[in-house]
Every structure is written in C-alpha cells, then in structure tokens.
Amino acid sequence: MTRVERATRHTFRALSARNYRLYIARQVVSVSGTWMQTVAQAWLVLRLTGSGVALGVTTALQFLPMLVLGPWAGVIADRSDKRRLLLATQSAAGSLALVLGVLTATGAVQLWMVFLLALGLGLVNAFDMPARQSFVYEMVGPEHLTNAVGLNSTVMNAGRLVGPAVGGVVIATLGLATCFLLNALSYAAVLAALAAMRAGELHRTEPVARQHGQLLEGLRYVWVTPALRTPLLMLAVIGTLTYEFQVSLPILATFTFGAGAEGYGALLSAMSAGAVIGGLVLAGRMTPSHRGVGRAAAAFGLLVLLASGMPTLTTTAVVMPLVGAASIAVITLTNATLQLTADPQMRARVIALYGVAFLGSTPIGGPIVGWLGETLGARRARDRWARRAGLGVDRLAFAGARRHHDPG
C-alpha cells in the first residue's frame, strides 16, 4: 500500500460504517440545496428592500429559535430516538422550502412572508441540529467519531462550495423560485438515507427518561466542567462577532464591489473551497484540544482582517479560501472536543449549547453587522468585528489550555 493510499484510508476511515456512508453521501445533495436557498433568500430580500438591515433581520429570525430554544431542544434530543426526530425535522424543512418556492414563483412573496418562513426554518433547525450532530456518534461509534466530525464538516462546506455557485447560475438563468424548489427536492435524499439505515448497526445511546429539571441539569453540567465551558464561551464570542458571512458577504459583493449574486456566490464558494481542503486535512490529523482551538481562532481572526482590507473582488476571493480553512478548523476542533468530552447521556444537550454559541448568536451579531455594513460599509463592519473576535478570543482558549494542561 502506497503512502497516498494509507493517508486516504486514514482520512476516510469513518466511511467503513454503512449507515454513515448512506448519510454522508445524501448530505452532499441536501447541503448544496440549503446553500442554494441561502444565496437565493439573501438576494430575494435585497431585491425586495435593498436594505442590509432587512437582510440582517431575516438572518436573525432564522437563528433566533436556536438562541431561545436551543438548550431545551437538546433535552428533547436526549429523550428521543434521534433517527425518528431527524425524519420529522428534515420533512418540515423541505416543506418550508417548497412553500417559499411556490410563493416566489407566483409573485405573491412579500417581505413579511420571508420573515415568517425564515423563523419557521429556524424553529425546525433548533431541534434538528442537536439531534443531527449527536446522531453522528450513533452512526460511527466512539472509535471513528473524531474522523466523522471532520468529514461531516467537510461535506457541509463542499455543499457550500457547490450550492452558491449553482445558485448564482440558477438565479441568473431560471430565477429565484427554482433555487427554493430544488432545495425542497434535495431533502428527499436525506430522508431516503435515514429510512434505509440498519437500526441494528447503530451505536444507540438509550433515550434519557423524562424528568423535571433536565434543562437546568445540562446547563449546570457544562458550567462546572471547564473542558466544556471554555470552548463554548470562546465559540459564543466569535459566533457573535465574526461568523456573520451570510450578512456581510452579500453586502460586500453588492454595495462595495457591485458584483451582484454571482459575486456573492464567488466569495462564498472560494471560502468553502478552503474549508473543504482544511476539513479533509483535519479529518485525518485532528487531535482536539483547547490549545488547538485557540490557535485556529487566532489564525481565523487574522485572515478575516486580511480579507477585509483587499481592494477588489478578485483579491478578496483569493484570500477567502484561507479564511474558510481557518473557520472550519475552529468549528471542527470545537465540535470534536465537546463530543468526546461530554457524558453520553448529556451529549445532545452539550451539542445544543454548541449550536446556541455558534448559530444562536447570529440574531445578536446579524443585525449589528447588517447595520454597520449599510451605514459604514461592509469592509469596515467586517474589519471591526473580526478585530475584536479573532484577535482576542484566542487568549480565552489558551487560558483554558493552560488551566487544564491539554496536550498540544
């Protein structure tokens, strides 16, 4: 066996689990559709209003349920059969995409409808995220969990690479409605994979019996466990101040460079290309630790600052792959650290708090970045928040590493 073959087998070792192979292959299709809708929804809001604030509000509504309901959704996931819960959430998300597609195709869509459907999708995602993330453990078991988390992040970004690029072309040729309708169809792939899984091959964690106080129990468990508390606090800071690309990049492409939907898709695709490469590297070599998360956060902040200073769309696109690689390092290392540290009976609740920190912080940061982008310019908005998030949060992570004596 050659060195390349050994490296490839090591990088993709989680695919030895049949259930995970089924899931990950369909996820490529579904995530591509989701990112196609993300591009189309942002462009729809800008077409209806021309307002960065409205775009920020749309994004905030989509992630607000994660902030408010995320911890409780983790309790529900710990109590439930996760595969059945995912069948319900994926069906609901596909239905919402279908409704938005029909409204857009008929010309009946209005801004309040986009707001309402974004909120509905946020409600679905609040329950889907902890179930989906903790279900990875059930598909591959503890031996391949770290590798599966890395591959999962890579596939999510591969979809983000394909989706925006295709979405930009579809918007320009077939219209916005087609993006929403194709996304609705893409959910069928995941539903088919979940239905085809062999229940006997799952490493199931028995659902937790319903009891009073389980929400507070999960919060207390995280707070008194520094190895969980430190990365979650770190992620909350950068999630609020830096991970607002769905707001800043459309504004940057539209108002700074005048590039339209194709320019937004190009920037997002360039970022995703770097994330895919970085995810593949991490999947084969990842060793979760507080120190590793801190280093990734520092690199992420520096690279976002560099991207914010680029003078043209082309030069910005050149830097975005590096931004994507650093961003996926932060996400993957944090996710793996939490999953491997958490008690199995608490895993979904811990991952729900990961979702609150990473995605639930968007309703706070989204409108702020949207307002700054509209009033000061997208370049200054991104620069200001990256400076605070990326260059300061690494000190928190390194402090956690020193306190817990994590290996390099």
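The values are calculated or read from the model by the stated rules, or taken from the named source; none is laboratory data. From a predicted model like this one, the values you see are computed outputs, not experimental measurements. Ideal geometry is used to build each Cβ from the backbone, glycine not excepted, and the neighbour counts take in all protein chains shown. When the accessible area is computed, the model is the full protein with side chains, heavy atoms only, and any ligands, DNA or RNA have been set aside. Shrake-Rupley method; radii C 1.70, N 1.55, O 1.52, S 1.80 Å.
Below are the figures for this structure:
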{"quantity": "Evaluation of Y243 against (1) surrounded by fewer than 18 Cβ atoms within 10 Å (Cβ to Cβ); (2) outside any helix (DSSP H, G or I) (one fails), failing number", "calculated": "(1)"}
{"quantity": "Only one of M197, M129 that is aliphatic (A, V, I, L, M) and surrounded by 24 or more Cβ atoms within 10 Å (Cβ to Cβ)", "calculated": "M129"}
{"quantity": "Some residue of segment 365-375 being modelled with pLDDT under 80, in a helix (DSSP H, G or I) and either touching a Cys at 6+ places or on another chain (Cβ under 6 Å) or of a type in the set (D, E, K, R) (or both)", "calculated": "yes"}
{"quantity": "Test: residue in segment 18-26 that is open to solvent by less than 20 Å² (accessible area, probe 1.4 Å), at pLDDT 85 or above and farther than 21 Å from F127 by Cα", "calculated": "yes"}
{"quantity": "Residues within segment 34-85 that are of a type outside the set (D, E), within 26 Å of M139 (Cα to Cα) and either open to solvent by less than 10 Å² (accessible area, probe 1.4 Å) or assigned to a helix (DSSP H, G or I) (or both), tallied", "calculated": "17"}
{"quantity": "Cross-chain or 6+ apart pairs with Cβ under 7 Å, segment 329-358 first and open to solvent by less than 10 Å² (accessible area, probe 1.4 Å), then of a type in the set (K, R) and assigned to a helix (DSSP H, G or I)", "calculated": "Q339/R347"}
{"quantity": "Search result, residues across segment 271-284 that are within 23 Å of L252 (Cβ to Cβ) and open to solvent by less than 20 Å² (accessible area, probe 1.4 Å)", "calculated": "M271, S272, G274, A275, G278"}
{"quantity": "Test: G292 is over 21 Å from N157 (Cα atoms) and in contact with a Gly (Cβ under 9 Å, 6 or more places away or on another chain)", "calculated": "no"}
{"quantity": "Test: residue in segment 202-214 that is out of contact with any Ser or Thr (no Cβ under 7 Å at 6 or more places or on another chain), of a type outside the set (F, W, Y), over 28 Å from I351 (Cα atoms) and modelled with pLDDT under 85", "calculated": "no"}
